[in-house]
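Following: one structure in structure tokens, then a few remarks.
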Amino acid sequence: MARAKTAQTMVKLVSAAKTGYEKWFSINRSSQKLNLILYDPRAKRHCLFTEDKKRKVPDIVGKDYARRHR
């Protein structure tokens, strides 16, 4: 019997400073790609951390401010 997917998933964030330092975060599956500025102790400064692996994320539906649907 197949198991149901949980609402949360673990993602690995890798430092953009190419030091190999990584952090793990638990996020909702339906959230957008995660990019954070965090402290990298190997580079001894704050760096951009991006998601390592590709995952399917839902498209952002733009808001219709002109109200063209009326």
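For Ala17, state whether it is in contact with a Phe, Trp or Tyr (Cβ under 8 Å, 6 or more places away or on another chain), surrounded by 10 or more Cβ atoms within 10 Å (Cβ to Cβ) and of a type in the set (Gly, Ala, Ser). No. Residues that are within 16 Å of Thr9 (Cβ to Cβ) and without any contact (Cβ under 8 Å) to a residue 24 or more places away in the chain were ranked within region 37-70; the one that is surrounded by the fewest Cβ atoms within 10 Å (Cβ to Cβ) is Lys56.
Of all residue pairs spaced 6 or more apart or on separate chains, those with beta-carbon atoms under 7 Å, a first member in region 4-28 that is without any contact (Cβ under 8 Å) to a residue 40 or more places away in the chain and a second member that is surrounded by fewer than 10 Cβ atoms within 10 Å (Cβ to Cβ) and of a type in the set (Phe, Trp, Tyr) are Met10/Trp24.
Of the residues Tyr65, Tyr21, which single one is aromatic (Phe, Trp, Tyr) and out of contact with any Lys or Arg (no Cβ under 7 Å at 6 or more places or on another chain)?
One residue alone meets the criteria, Tyr65.
Every number here is computed from the coordinates shown, using simple stated rules; none is lab data. Given the structure is predicted, the values throughout are model-derived calculations rather than measurements. Methodologically, a virtual Cβ is constructed for each residue, glycine included, from the backbone with ideal geometry; neighbour enumeration extends over all protein chains shown.
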